[in-house]
Amino acid sequence: MKIQSVFDPAFAVYGRVLEGCTFSSLLDTLTRETERPTDGVVYEPSCAALESDAAFEILRDHVYGGMPIQIGFCNGTNTKLNCVEYHRDSEINIGAQDFILLVARQQDISKDFTLSTDKVEAFLAPAGAAVELYATTLHYAPCDAAAGAGFRVAVVLPRGTNTEAPALDGAYADDSLLRARNKWLIAHPDAPEAHEGAHVGLIGANPDIASLL
């Protein structure tokens, strides 16, 4: 696996970098108001301090076309894939420092909801860039861009995403993948989520970029 850039043409199938958008105030708040563990990852779907920033209205109106949104964060340190997830919409990631995204395509999931991890690619997102991940882009927690550097990433999604999932009766094939509202997830056998009841379907080695940093 090589680490590419979100500005490379290869990233175009997964998403894009939003042009004309600067979110320095939002990232100042992210750095000042949110914790960053040094031994794992913490995720909060919605953060009042971030949603009070002027960026909230810009993202709601100009990026999501007026849809209700939430701004949360994913902070910590990580080098592994562990799982992939998808939503029914785009997700925006904005880092206070450089971070790496491990991504694949929803189209490569088989009918039995398995995915070979050799389909996963790595892309570096520089600090301050607003990166849109399309709805068909499989992703999970960000990764460090340098050994031990950690990350703080603002995460923008439609309001309610990643909160409590509805109770389903299994009538649809991918019901077993739903782990939270608007969050379908496939885990690697080695991932903690696999031992918590998540659907296990990642086949091959669990990608780890530690040796590339």
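Taking the stretch 89-110 as the range and being aliphatic (A, V, I, L, M) and open to solvent by less than 10 Å² (accessible area, probe 1.4 Å) as the test, the residues that pass are 92, 94, 100, 101, 102, 103, 104. For residue 113, the stated conditions hold: it is surrounded by fewer than 21 Cβ atoms within 10 Å (Cβ to Cβ) and not basic (Lys, Arg). Look at residue 147 and say whether it is out of contact with any Pro (no Cβ under 9 Å at 6 or more places or on another chain), open to solvent by 10 Å² or more (accessible area, probe 1.4 Å), of a type outside the set (Lys, Arg) and closer than 16 Å to residue 41 by Cβ. Answer is no for this residue.
Counting only residues that are touching a residue at least 12 places away in the same chain (Cβ under 8 Å), loosely packed, with under 13 Cβ neighbours inside 10 Å and over 18 Å from the mean Cα position of the chain (by Cα), how many does the stretch 36-51 have?
Matching residues across the stretch 36-51 total 2.
Looking across the stretch 107-151, the residues that are under 22 Å from residue 193 (Cβ atoms), charged (D, E, K, R) and in a strand (DSSP E or B) come down to 121, 144. Each residue in the stretch 116-138 was checked for being open to solvent by less than 10 Å² (accessible area, probe 1.4 Å) and in contact with a Phe, Trp or Tyr (Cβ under 8 Å, 6 or more places away or on another chain), and 6 pass.
Do we find a residue being in a loop (DSSP other than H, G, I, E, B), free of Cβ contacts under 8 Å to residues at least 60 places away in the same chain, within 16 Å of the chain's Cα centre (by Cα) and surrounded by 19 or more Cβ atoms within 10 Å (Cβ to Cβ) anywhere in the stretch 162-178? Checked against the condition, which is being in a loop (DSSP other than H, G, I, E, B), free of Cβ contacts under 8 Å to residues at least 60 places away in the same chain, within 16 Å of the chain's Cα centre (by Cα) and surrounded by 19 or more Cβ atoms within 10 Å (Cβ to Cβ), the stretch 162-178 yields no hits at all. Any chance the stretch 136-148 includes a residue that's without any contact (Cβ under 8 Å) to a residue 24 or more places away in the chain and among the small types (Gly, Ala, Ser)? No, the stretch 136-148 has no match at all.
Show the residue pairs that are 6+ apart or on different chains and have beta-carbon atoms under 9 Å apart, the first residue being within the stretch 53-68 and open to solvent by 40 Å² or more (accessible area, probe 1.4 Å), the second being polar (S, T, N, Q). Note: pairs meeting the criteria are 54/25; 63/90. The set of residues in the stretch 1-25 that are open to solvent by 60 Å² or more (accessible area, probe 1.4 Å), more than 23 Å from residue 52 (Cβ to Cβ) and assigned to a helix (DSSP H, G or I) comprises 9, 12, 13. Scanning the stretch 179-197 for residues that are in a strand (DSSP E or B) and either at pLDDT below 95 or open to solvent by less than 30 Å² (accessible area, probe 1.4 Å) (or both) turns up 180, 185, 186, 187.
The values are calculated or read from the model by the stated rules, or taken from the named source; none is laboratory data. Not measured: the values here are computed from a predicted model. Don't worry about glycine lacking a Cβ; one is built from the backbone with ideal geometry, like all the others, and counts go over all protein chains shown. SASA here: full protein model, heavy atoms, side chains in, ligands and nucleic acids out. Shrake-Rupley method; radii C 1.70, N 1.55, O 1.52, S 1.80 Å.
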